[in-house]
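Participant: First the structure, which I've put down as structure tokens, then a few questions once you've had a look.
The values are calculated or read from the model by the stated rules, or taken from the named source; none is laboratory data. What you are looking at is a predicted structure, and each value in this text was computed from that prediction instead of being measured. Virtual Cβ from ideal backbone geometry, glycine too; neighbours counted across all protein chains shown.
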Amino acid sequence: MQDFSNQTIRLPIAPSVVSYYKLPTESKLDYPAICCFVALGFFLDDDTYYTNLKAFRPATDYHFSATGEVLSRKRYFDWHYTPRSVSFKQALNEFSNLLEQIIERETANKKIVLPISGGLDSRTLAGAVAHRSDVFGYSYQFENGVNENFYGAAVARALSFPYYGYTLSKGYLWKVIDQLAQLNGCYAEFLNPRQMAIYGQLANKGDVFLLGHGGDLFFDSMGVPDSFTEGEQHQYLVQKLIKSAGWQLGQLLWEAWGISGDFREYLEDRILFMLRNIQIDNANARLRAFKTEYYVARWTAVNLEIFKRQLPISIPFFDDEMCRFICTVPEEHLVGRKLEIEYLKLKSPSLAKIPWQNYYPCNLYNYEKFNSLSNVAKRAMIKGQRELKKYVLGKRSDTRNWELQFLGKFNDEMLRFYLLDKSFENFLPLSLVKRFYEKFKKNPVQYSHSTTMLLTLSLFNRNFLKSES
């Protein structure tokens, strides 16, 4: 734990790292916080596993005493929605200039390592550095999975970047799981950071990672009426954030740990309290601010450590200037990813012509015809070919991480090794773990979230709790 004595710490508006500080109180497990973590997949607000350990909040100045205690804590920025009277063309021009200025400032005279996917964010960044010759692109996909390397190769080919497409083997998680636990501190579940499968293989490819995290959040609408009431916003968040199986597991842990009160009421009240900390009238802007303030800061940022341990990182969409810019853009200019789409059309038509994974086989010029009769027929043919491989050739095309890491004999053996570890009993009832493991075996789709959360708690127990006892 870093010593913050006599220091003033300023946290960015959208942090790319989660840092923690200690309170001068006894160290105890924060069981209510852990129950919420299980239900959601990320810790709420400044919660951690311990009552005396807190996460730094975004956009806040902290002042520490000579003995390392927090003397004061003050926000220097609050999310707001103050739309300017600007045309879409003007907003696009401002976005283009700002994005390119940030990238130039953070990557000048450095060789860029650019992860590329089938979405818009990495492609937008590729467009911004299309004029540079010092870019290495890469992507990854699973064996017999969705052909994500198709998009990475297409982007690199269009811009003449050096490129490599990685193919990740099923069950790669078990080879790196303890290392991942040390990197993210078990503050995020273990299935989503696929970049862990190629950890250490990119450090010699360049000087800085250029990452597109946050673009899909900042440059789109939340898809609700702008006039949504606070009650409707609260229910929207409750439905989006709370995982059914996670809530079930959290409820039983709440009871097993003897916590008073109703868990569901406690969790929903905390979400409402956090929502009320954001004073914005427009519903879409308020929900976007909520996700950035709490979800990005406590979920996305945790696994960015995997990149940072290899090379420095640049995340243009997290930049303070970009955050302030977003607060002034009218919502109608953000709906449907319009800024990124039009930026790519103007900056690099060749990139805009590459299919958009969410709307395959359509690209940025014709994605609005995704549900046309001809495109529906194409998608039906593609699905038929996928089913043929699955049932006739015996080749699965699993696309969900839990299928690739939890299904099959070897995966099951490893899952049982961690979940049924006898030392786990010191942390939570092993009978409860067994119950949820059996639920997963019977209904893996519904109980995949609770399984990965139990796996995360098991790794926390093995890597951190056992070392303290």
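Participant: Could you list all residues from segment 236-276 that are under 26 Å from Ala59 (Cα atoms) and free of Cβ contacts under 8 Å to residues at least 12 places away in the same chain?
Facilitator: Answer for segment 236-276, where residues must be under 26 Å from Ala59 (Cα atoms) and free of Cβ contacts under 8 Å to residues at least 12 places away in the same chain: Lys240, Asp269, Phe273.
Participant: Out of all the residues in segment 417-432, which are closer than 23 Å to Lys175 by Cβ and either surrounded by 14 or more Cβ atoms within 10 Å (Cβ to Cβ) or acidic (Asp, Glu) (or both)?
Facilitator: Tyr418, Leu419, Leu420, Asp421, Phe424
Participant: Report the residue count in segment 43-68 for those that are in contact with a Ser or Thr (Cβ under 9 Å, 6 or more places away or on another chain) and either modelled with pLDDT of 95 or more or not aliphatic (A, V, I, L, M) (or both). Full working, then the answer.
Facilitator: Looking only at segment 43-68, we keep the residues that are in contact with a Ser or Thr (Cβ under 9 Å, 6 or more places away or on another chain), and these are 50-56, 58, 61-68.
Checking the rest, the ones that are also either modelled with pLDDT of 95 or more or not aliphatic (A, V, I, L, M) (or both) come to 50-56, 58, 61-65, 67-68.
The number of residues fulfilling the criteria is 15.
Participant: A further question follows. Please state which one of Leu432, Leu420, Leu415, Leu404 is modelled with pLDDT of 90 or more and touching a Lys or Arg at 6+ places or on another chain (Cβ under 8 Å).
Facilitator: Details: Leu432 fails: touching a Lys or Arg at 6+ places or on another chain (Cβ under 8 Å); Leu415 fails: touching a Lys or Arg at 6+ places or on another chain (Cβ under 8 Å); Leu404 fails: modelled with pLDDT of 90 or more.
None of the other options fit; the residue is Leu420.
Participant: The conditions are (1) of a type in the set (D, E, K, R); (2) crowded, with 18+ Cβ neighbours inside 10 Å; (3) touching a Phe, Trp or Tyr at 6+ places or on another chain (Cβ under 7 Å), and Asp47 fails exactly one of them. Which is it?
Facilitator: (3)
Participant: Can you go through Phe317, Phe325 and tell me which one is modelled with pLDDT of 95 or more, closer than 27 Å to His131 by Cα and surrounded by 20 or more Cβ atoms within 10 Å (Cβ to Cβ)?
Facilitator: Working: Phe325 fails: surrounded by 20 or more Cβ atoms within 10 Å (Cβ to Cβ).
Answer to the selection: Phe317.
Participant: Quick one: count up the residues across segment 46-81 that are of a type in the set (Ser, Thr, Tyr), assigned to a loop (DSSP other than H, G, I, E, B) and under 27 Å from Trp299 (Cβ atoms). It would help to see each step written out before you state the result.
Facilitator: Of all residues in segment 46-81, those of a type in the set (Ser, Thr, Tyr) come to 48-51, 60, 62, 65, 67, 72, 76, 81.
Then drop every residue that is not assigned to a loop (DSSP other than H, G, I, E, B), which leaves 48-49, 51, 65, 67, 76, 81.
Cutting the leftovers down to under 27 Å from Trp299 (Cβ atoms) gives us 48-49, 51, 76, 81.
The number of residues fulfilling the criteria is 5.
Participant: So in segment 228-265, with the set limited to residues that are over 21 Å from Leu454 (Cα atoms) and hydroxyl-bearing (Ser, Thr, Tyr), which one is surrounded by the most Cβ atoms within 10 Å (Cβ to Cβ)?
Facilitator: Our first condition is that a residue be over 21 Å from Leu454 (Cα atoms); within segment 228-265, this holds for 228-239, 260-262, 265.
Remaining after also requiring hydroxyl-bearing (Ser, Thr, Tyr): 229, 236, 260.
Values: Thr229: 10, Tyr236: 18, Ser260: 7.
By that ranking, first place goes to Tyr236.
Participant: I'd like to know if segment 362-373 contains one or more residues that are within 24 Å of Asn184 (Cα to Cα), among the hydrophobic types (A, V, I, L, M, F, W, C) and modelled with pLDDT of 90 or more. Can you show your working first?
Facilitator: Start the filter on segment 362-373 by keeping residues that are within 24 Å of Asn184 (Cα to Cα), which leaves none.
So far as segment 362-373 goes, no, none of its residues is within 24 Å of Asn184 (Cα to Cα), among the hydrophobic types (A, V, I, L, M, F, W, C) and modelled with pLDDT of 90 or more.
Participant: Are any residues in segment 205-235 closer than 17 Å to Pro83 by Cα and of a type in the set (Ser, Thr, Tyr), and if so, which ones? Talk me through it step by step, then tell me what you get.
Facilitator: Just the residues of segment 205-235 that are closer than 17 Å to Pro83 by Cα, to begin with: 218-222, 225-227.
Within segment 205-235, Ser221, Ser227 meet the criteria.
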